[in-house]
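Every number in this text was worked out from the coordinates using simple rules, so none of it is lab data. Treat the numbers as computed from the prediction; the structure is a model and nothing was measured. So basically every Cβ, Gly included, is an ideal-geometry build from the backbone, and we count neighbours across all protein chains shown.
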2 protein chains.
Amino acid sequence: MLRIGVVGIGNMGRAHAQYLAAGQIEGAALTAVCDIAPAALEWARTQLGSEIKRFASIDDLLASGSVDGVIIATPHYDHPPLAIKALRAGLHVLVEKPAGVYTKQVHEMNAAAETSGRVFGIMFNQRTNELYKKLRDLVQSGELGEIRRVNWIINSWWRPDSYYKQSEWRATWGGEGGGVLVNQAPHQLDLVQWIAGIPTKVWAKIVYGSHRDIVVDNDVTATFTYANGATGSFITATHDPVGTDRLEIDLNRGKIVVEDSKKATILRFAKSEDEMNTTMSMADVMRLFMGGQADKLYTTETIESTDGWGVQHRKVFSDFSRHIVDGTPLLAPGSEGINGVNLANAMLLSSWLGREVDNPVDEDLFLAELNKRIAAEGKYPPIKED
Amino acid sequence: MLRIGVVGIGNMGRAHAQYLAAGQIEGAALTAVCDIAPAALEWARTQLGSEIKRFASIDDLLASGSVDGVIIATPHYDHPPLAIKALRAGLHVLVEKPAGVYTKQVHEMNAAAETSGRVFGIMFNQRTNELYKKLRDLVQSGELGEIRRVNWIINSWWRPDSYYKQSEWRATWGGEGGGVLVNQAPHQLDLVQWIAGIPTKVWAKIVYGSHRDIVVDNDVTATFTYANGATGSFITATHDPVGTDRLEIDLNRGKIVVEDSKKATILRFAKSEDEMNTTMSMADVMRLFMGGQADKLYTTETIESTDGWGVQHRKVFSDFSRHIVDGTPLLAPGSEGINGVNLANAMLLSSWLGREVDNPVDEDLFLAELNKRIAAEGKYPPIKED
């Protein structure tokens, strides 16, 4: 039985602790929790039972010998340093998303994981959505040919001012490291790259504190360019109460549209677009459409997902646990967390510099620019840059 | 009876000539056509009848006294100079879209129309789509509050290489002045501003000759900023055979989604988003959604349009004709054509300079940059910049 400690008993940490304590993860059991806030530990004592060990510092947890692995569910900035400590102490680590706030710290975490020989995973729970798994496999298999365009509108992250006022650190540069790009959208920043690959150039138009009393990003309109010349867009905001979640991928041999992360429509073209382009006239295509024979151009498959939110987290944890036991490949290796951080950093850096930037970004430049925002905010000390 | 001449007997000019000759526009009749190509005039003789006067030069047409108004349906670059000639000759002018290729020439046309005292319209046929008319009225009325975001994906302009090879001038810088932004997308570039207002800043990522044997724009991903801080995106391409046409507008008191220019879903919020933000918690909103009581947050109205393509052109012509007869306000005043040209120019200039640009653009800078592309192409002389 894998003995698990939960580090950080906030909203997410409590959820993880509860399903672990309830025995809902095969092969894993909650044995300890850790938080610097006495109230969080008191919550753990009353809600999880006094047999779960409680620690006010991670050093004490690591020294206790009471856990084989930890899940890190602290504020984002602390993910890499705490994960590194745990890995160096010989523990397996599952880190909450995002992997970190800036890539320099995530590189250090990935290096520590690499040399540790321990298992390192990341809580990309939406990767367990069967719909996205199938789409990733489909796109990566090459059956639909080369990607030409990717558009994701993900405005369904409505957050009122009361949400932002929950904690001092929330929606600050120095405490949280940003807004929608570090907190809500990391799932889509991961999925879009997991399915369609990593953009090489990024532009973003970002509004900071759009219709909210915050200084960080909460309205983002980004454009992507991929190595093969494909283009893309990524749009996210927190002020649309009836938000849109719509992903479109155009490929040479098909087209995919995903609505609300629940329904995917997959078109498979009878001929590749390259071939249609060279062999068909516009009139041919118009005739097929107008004549109601569009089905000669493509077939349609619809897939639906009914996965709930809570189930997804448990699936990632079970996958992590199973990997440790029998080596089943990890659905969400921790080392892949850097992709989403890179993309978020690229969007912010593009907005700050007012120009398109390469992805991955220059990590030193990003950190220097982030420190300028932390200094202007005046609430937290700058991050050490060297 | 208004006597009409059609200038330019290409694809669109033939369509206009035919419905006019068939008496389908009340109060207007075709009396003459004009084209520099003998084959086009021969087509007119056999298809329209020999009673329709035929001219090989616009000067001869204007001197003939055989028309009260003209529709200009030549290649784009010639719209302004020919419209100016006709206006100065005392004729009413209906110009095909786009108003021109670069705003400098469109300003001259608008000034000529202003001083002429004649009627000046533009063939924005999609403005006659009842759906878009209703949405414009709704948004402009202020009932849904201030706009926050506008997204339009309009990839349904599939064009194969055979289309681009139809004429020498097509899809060239010197002959046509560009690609999807001057030829296919001007309708949406007009509608998006007619409905939601004019963006003040524009960025565009443009691929030239994406999957096509052309040198001009055919894959565009643009971001907008509006004066009130709202943001937007505009995405268009010619290589998606099953294209998307989806417009979304988020406002403080509602949301609009238009699919395929045929179906609009209008949500009216029970409270403005500003009020939801200050009075509701996330938990309140989640409860309403999860409890299946989302209808407490908003009401839904659906409107559908069945307008066909051909009908729309005749509607613009009838509107133009009616305005001349009885002064009914023009649905598509010619002077508004500059908005779409500005936006297209801003996208191209942004792409050429690699930075966000103001809209309207610096017209001299745009023309100088356009001339660089014409020179590099080497097929047409540069445009006079004076």
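Annotations for the structure displayed:
- Comparing A:Thr46, A:Thr103, A:Thr225 in a Gaussian network model of chain A (Cα springs below 10 Å), the most mobile by mean-square fluctuation is A:Thr46.
- In terms of surrounding Cβ atoms within a 10 Å radius of their Cβ, B:Met282, A:Met276, B:Met347 rank from fewest to most as B:Met282, A:Met276, B:Met347.
- Selected from B:Ser318, B:Ser272, B:Ala375, residue furthest toward positive end of dipole (segment B:246-386; charges at beta carbon): B:Ser318
- Whole-percent pair-distance distribution, where bins are 5 Å wide, for the alpha carbons of segment B:21-83: 3, 16, 26, 28, 19, 7, 0
- Per-copy distances of the B:Lys263 label point, shortest first, in nm (7 angstrom along Cα→Cβ): 0.9
- Across the identical copies, how the B:Gly90 labels are spaced - nm, sorted shortest first, 7 Å along Cα→Cβ: 10.2
- The calculated 222 nm mean residue ellipticity attributable to helices in chain B amounts to -11500 deg cm²/dmol, summing -39500 (n - 2.57) over DSSP H runs of n ≥ 4 and dividing by all residues.
- For chain A, the longest piece that avoids every one of the GluC sites (Glu not before Pro) found in DSSP loops with at most 15 other C-beta atoms within 10 Å covers A:169-384.
- Considering only chain A, percent of DSSP beta bridges that pair antiparallel, nearest 5: 65 percent
- Long-range HN-HN contacts of A:Phe120 with modeled amide H, under 5 Å: A:Val93, A:Gly334
- Taking the fewest neighbouring Cβ atoms within 10 Å as the starting point, the ordered list for B:His16, B:His313 is B:His313, B:His16.
- Alpha carbon convex hull of segment B:252-386, volume per residue in cubic angstrom: 250 Å³
- Local electrostatic count, A:Thr328, Cβ distance below 9 Å [Lys/Arg +1, Asp/Glu -1]: -1
- Translational D in µm²/s for segment A:315-386 (Stokes-Einstein at 25 °C, 0.890 mPa s, Kirkwood Rh from C-alpha pairs): 167 µm²/s
- Segment A:166-309, Rg to Rh (Cα coordinates; Rh as Kirkwood inverse mean 1/r): 1.08
- Zone residues, segment A:148-174, relative to A:Lys379, backbone N less than 15 Å from point 7 Å out along Cα-to-Cβ: A:161-174
- Cα centroid of segment A:125-174 to Cα centroid of segment A:308-386, whole Å: 13 Å
- Residue pairs, from the table A:Lys85/A:Lys384; B:Lys263/B:Lys315; A:Lys53/A:Lys97, whose Cα atoms sit over 22 Å apart: A:Lys53/A:Lys97
- 5 Å binning of all Cα-Cα separations within segment B:59-141, expressed as whole percents from 0 upward: 3, 15, 23, 20, 15, 12, 8, 3, 1, 0
- Computed over Cα pairs, the Kirkwood radius of segment A:270-345 leads via Stokes-Einstein (0.692 mPa s, 37 °C) to a diffusion coefficient of 189 µm² per second.
- Dipole magnitude of chain A about its Cα centre (Cβ charges: Lys, Arg +1; Asp, Glu -1), debye to nearest 20: 420 debye
- In the protein assembly as shown, the DSSP beta bridges split such that about 65 percent are antiparallel, to the nearest 5.
- Highest-MSF residue in chain B out of B:Gln166, B:Gln140, B:Gln105 [GNM, Cα springs under 10 Å]: B:Gln166
- Distances between copies of A:Ala294, taken at a point 7 Å out from Cα along the Cα→Cβ vector and listed shortest first: 2.3 nm.
- All Cα pairs of chain A, percent lying beyond 33 Å: 35 percent
- Extension gain (nm, one decimal) between B:Thr200 and B:Trp169, 0.36 nm per residue minus Cα-Cα: 8.0 nm
- Here the protein assembly as shown is treated as an ellipsoid with the same Cα gyration tensor; its semi-axes, largest first and in whole Å, are 57, 25, 24.
- Alpha-carbon centroid distance for the pair segment B:225-266 / segment B:182-212, whole angstrom: 12 Å
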